[in-house]
Structures are given as C-alpha cells and as structure tokens.
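Data first, discussion second: the structure below is written as structure tokens.
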Amino acid sequence: MNYDLIVIGGGPAGYVGAIRAAQLGKKVACVEKERAGGTCLNWGCIPTKALLRNAELYQILSKRAAEFGFSFDNLKFDWGKTIARSRDVSDKNATGIEFLFKKNKIDYLKGEASLEAGGAVKVKSADGKEETHTAGKILIATGCVSRGLPTFPFNGKTVISSKEAMVLPSQPKSIVIIGAGAIGIEFAYFFNAFGTKVTVVEMLPNALPYEDTDVSQVIERSYQKQGIAVLTNTKITKTEATETGVKITVEGKKNETLEADLALVAIGVSPVLPGGLKPELTERGYIKVNDAYETSIPGVYAAGDIIGAPWLAHVASYEAIQAVEGIFKEGHKPQRVKTFPACTYSHPQVASVGLTEREAKEKKIAYKLGKFPFMASGKARAVGETDGFVKILIGEPNGEILGAHIVGPDAPEMIAELGLAITLEATWEEIEATIHAHPTLSEAVHEATENAFGLSIHI
C-alpha cells in the first residue's frame with residue numbers, strides 16, 4: 001500500500017499523530033509490534049494508576065478507618081485481583097485505541113517495522129511474514145524501554161523492571177527500589193501500602209530529584225512516616241542476585257548491605273530505534289530532529305520519547321501533533337515543547353510546571369514566592385489530606401507566573417490552571433482576581449498567589 005503517512009509506533013505519540021493526520025484527510029497507517037497504546041497505556045501510566053488506586057483504598061481502610069468512623073474485622077486483600085483489575089483497565093483502553101483507528105480509517109499494521117530507502121517501511125509480523133509499504137512521509141514514534149544497570153541486569157525474577165513489577169504473581173515480603181524518580185516513588189507507595197517492606201535507594205540528594213527541593217522534602221518525610229526507608233545521597237557499590245533474592249551493598253549516611261526478595265530498577269529509560277536506515281542520533285542514542293521534528297533523513301520525522309527528555313506521554317502527544325500539523329497544514333509552524341506539567345502519583349501527589357526555585361536562583365531571575373499549606377485548607381481537612389502545599393514563583397517586576405509546585409491531594413488535577421497561566425503570561429493579580437469556588441483544593445492556588453504579597457486570608 002502507499003500512504004500519505006506511516007507512523008512507526010502506536011504509543012501516545014504514534015497513535016495521536018496517526019489520528020491527527022487522518023483528521024486532516026490523509027491516508028494513514030500505524031505500525032505497532034505489540035499493542036496499541038504503547039508503554040503508557042499497557043505498561044505505564046494507566047495500569048499503574050489502577051494499582052495505586054487499590055493501594056490508596058487499602059491503606060485508608062487498614063490504617064485510617066477509625067479516623068473516618070469505620071470499624072470492621074478481618075480486612076483482607078486479594079493480590080491476584082488487584083493485578084487483574086489493573087490489566088483489565090489496560091486492556092479496555094487498548095481496545096479503545098483500536099476503535100479510534102477504525103473510526104478514523106487508519107490501517108493498523110501489527111508487526112515490527114524497519115526503514116527502507118525511498119520512503120518505504122518493511123513490516124514483519126509475528127509469523128515472519130513481511131510486507132513493504134510506501135509513504136510520502138514517515139513518523140518514528142518508537143519510544144523507550146526501562147534502562148537496566150549494567151552490573152545488575154534484569155533477570156525477570158529477582159531483578160525486575162516496572163513492567164514485571166505490575167504483574168508479579170505474588171506479593172514480595174521485601175523490595176529494594178533503585179531510583180527515586182516518579183516510577184520508583186510510585187511503586188514504593190504501592191508495595192508499602194500492602195505491607196511489603198520497601199527501601200528506596202537514590203544517589204542524588206533528594207527523592208524526586210528534579211522537583212522543587214521543598215516538594216522532595218515533603219515526600220521524604222511522608223514516606224518515612226509511612227514506613228518506607230528512603231536512602232538519598234546513597235551509592236550502590238556491590239550487587240548480587242540469586243533465584244531467591246538480592247543483596248545490595250550501599251554507601252551513604254551509613255554503609256550497609258540490603259537484602260530483599262527482589263529489586264526494582266527504576267533509573268530511567270533507553271531509546272528503541274527502528275531497524276533499517278539510521279537517522280542521526282544524539283550523544284545518548286536518541287533521534288536528533290530539527291525544529292519541525294524532521295530527522296536527518298528527508299521526509300522522515302520523529303516525536304515522543306524517542307527524541308529524548310522529557311519522557312512524558314502528554315509531551316509525546318503534543319510533539320506528534322506539532323509534527324503532523326507541520327507536515328500537512330499549510331502555514332503551520334511546529335512548536336517545540338517549552339512548558340509542560342510533570343506529575344507523580346505518590347501519596348501525597350506531586351505536580352509541577354515551569355521553574356523550580358532552585359532553577360530561578362541559578363538563573364538569577366528575580367522572583368517573589370507565594371506558598372499556602374493544605375493544613376490551612378478547609379477542603380483538605382474535610383477529605384483528610386492535609387500534607388503538602390501550593391508553591392508559586394512570581395516574576396519581578398511584572399508579576400508573571402514563573403513556576404508552580406504542588407504536593408498534596410489531587411495535585412495533578414490542579415496543575416493545569418497554572419500551566420495555562422504560564423502559557424497566557426497571566427499575572428498573579430489575574431489569578432487573585434479569579435474567584436475560586438469554596439470549598440475546593442484549588443483555593444490553595446488563589447491563596448498562594450496572595451501570600452507572595454502578604455494578602456492571604458487564611459494564614
């Protein structure tokens with residue numbers, strides 16, 4: 001077949017780019033070697049949130065029931081059903097993507113793709129059958145996979161990636177999580193909530209090291225209170241894996257050997273490149289693109305995780321839409337990602353957009369700081385989630401929003417208002433002049449802007 005666009009990869013960049021091209025009236029095919037939805041839908045964002053919901057409910061019932069006026073005997077959980085619910089959520093979402101392909105008349109080609117000369121793409125199906133298709137344009141959206149430690153390779157049993165962590169046949173009694181980024185911190189909460197002994201090892205000074213330092217410190221304190229050991233500024237010096245467990249020697253505030261049933265390695269991701277022709281790569285092995293998302297091969301574009309950080313589904317979708325509209329919409333100038341929200345579904349939750357206070361200081365940008373604790377929020381007290389705060393950096397002298405950081409209940413749901421404020425170059429006065437409903441958690445955003453100027457009512 002000959003297409004206007006062939007998309008290689010069916011994740012948040014690939015399927016979104018394919019649908020947008022079809023909406024623009026183009027003949028489109030999307031090649032995916034596993035299942036539509038990519039890592040995010042099948043082995044990342046969606047199924048992990050299902051697991052975390054189960055963990056949250058169990059933790060409330062097992063540890064906070066009396067606070068809410070409940071009492072019961074013999075509370076139990078079914079590990080198998082917890083895992084099965086997560087997989088069911090993922091399966092239904094994947095089916096939804098396949099429906100969208102049919103709705104938009106996109107050819108869904110299941111197999112492994114490789115680039116050929118002259119705008120051709122070879123697709124090899126699971127049974128070994130090969131077909132070659134051509135297209136005027138090609139979009140690579142092959143994404144990434146979990147990155148392992150060279151000295152401590154994945155074995156699928158006692159040294160695992162996040163993928164295996166989602167489908168463990170039985171609950172481990174103990175686990176060491178290497179890496180305190182979003183993935184490591186989310187899984188730490190999940191396993192701990194069900195009673196697994198959890199130790200998190202991070203070589204940088206803080207958990208969630210790329211978040212605002214104040215946010216990281218709240219997470220560390222909260223996790224320690226929940227019984228999770230978070231070892232920051234800690235280096236791994238020796239590892240050993242057997243069929244029954246792991247031993248990990250660390251150097252940090254104290255030197256010790258950690259023993260556990262298994263280790264989850266959550267230190268980042270590695271790019272997945274298609275076979276065949278090779279576009280120019282960056283130093284770290286990601287595909288290099290220009291401002292229009294075009295690679296060094298004319299007519300071949302790339303978007304999403306495969307072009308490098310930030311490795312976020314919503315960023316990948318944005319990039320794919322920009323790339324596709326740049327290709328097919330006359331006069332459209334593609335935009336590269338500048339401002340984007342980052343979220344961690346820990347407990348308490350974390351969300352941020354724009355500059356951290358650390359970055360503002362490093363760049364010597366003048367700012368005022370507004371902060372409002374959820375302890376002073378009526379809605380947060382009502383729902384029983386008072387840990388954390390809203391923190392906003394306001395530029396001087398113009399009052400624009402430079403960055404915002406939320407740690408607390410529903411933080412990812414609240415951050416969009418502040419992302420919009422940055423996009424529109426709104427000032428703190430415009431947020432302050434916008435009436436926020438009472439009682440809501442988002443009132444904390446309103447009061448944080450006021451706090452920067454000594455006008456907050458409730459603190």
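The values are calculated or read from the model by the stated rules, or taken from the named source; none is laboratory data. All figures in this text were calculated on a predicted structure; none of them were measured in a lab. As a convention, Cβ positions derive from the backbone with ideal geometry for all residues, glycine included, and neighbour counts pool all protein chains shown.
Scanning the range 1-45 for residues that are under 16 Å from ILE307 (Cβ atoms), modelled with pLDDT of 95 or more and not in a loop (DSSP other than H, G, I, E, B) yields a count of 5. Restricting the range 291-319 to residues that are over 12 Å from VAL337 (Cα atoms) and of a type in the set (D, E, K, R) leaves a set whose member that is surrounded by the fewest Cβ atoms within 10 Å (Cβ to Cβ) is GLU294.
Would it be correct to say that THR434 is in contact with a Gly (Cβ under 8 Å, 6 or more places away or on another chain) and among the polar types (S, T, N, Q)? In short, no.
Looking only at residues of the range 378-421 that are among the β-branched types (Val, Ile, Thr) and under 19 Å from the mean Cα position of the chain (by Cα), we find that the one that is farthest from ALA66 (Cα to Cα) is ILE415. A single entry from ASP291, ASP261 fulfils the requirement of being out of contact with any His (no Cβ under 7 Å at 6 or more places or on another chain) and within 30 Å of ALA117 (Cα to Cα): ASP291. Quick one: in the range 422-459, which of the residues that are of a type in the set (S, T, N, Q) and over 23 Å from the mean Cα position of the chain (by Cα) is surrounded by the fewest Cβ atoms within 10 Å (Cβ to Cβ)? The qualifying residue surrounded by the fewest Cβ atoms within 10 Å (Cβ to Cβ) is THR434.
Regarding the range 238-246, can at least one residue be identified that is surrounded by 19 or more Cβ atoms within 10 Å (Cβ to Cβ) and without any contact (Cβ under 8 Å) to a residue 24 or more places away in the chain? For the range 238-246, residues surrounded by 19 or more Cβ atoms within 10 Å (Cβ to Cβ) and without any contact (Cβ under 8 Å) to a residue 24 or more places away in the chain: absent.
Candidates are the residues of the range 247-265 that are within 20 Å of GLY181 (Cβ to Cβ) and in contact with a Lys or Arg (Cβ under 9 Å, 6 or more places away or on another chain); the one that is surrounded by the fewest Cβ atoms within 10 Å (Cβ to Cβ) is GLY252.
What do you reckon, is LYS137 touching a residue at least 60 places away in the same chain (Cβ under 8 Å), surrounded by 17 or more Cβ atoms within 10 Å (Cβ to Cβ) and either of a type in the set (D, E, K, R) or more than 15 Å from ARG35 (Cβ to Cβ) (or both)? So LYS137 passes the test. Among the residues of the range 72-116, write down those that are under 24 Å from VAL167 (Cα atoms), surrounded by fewer than 15 Cβ atoms within 10 Å (Cβ to Cβ), touching a residue at least 12 places away in the same chain (Cβ under 8 Å) and over 26 Å from the mean Cα position of the chain (by Cα). If the condition is that a residue be under 24 Å from VAL167 (Cα atoms), surrounded by fewer than 15 Cβ atoms within 10 Å (Cβ to Cβ), touching a residue at least 12 places away in the same chain (Cβ under 8 Å) and over 26 Å from the mean Cα position of the chain (by Cα), then LEU75 is the only one that fits.
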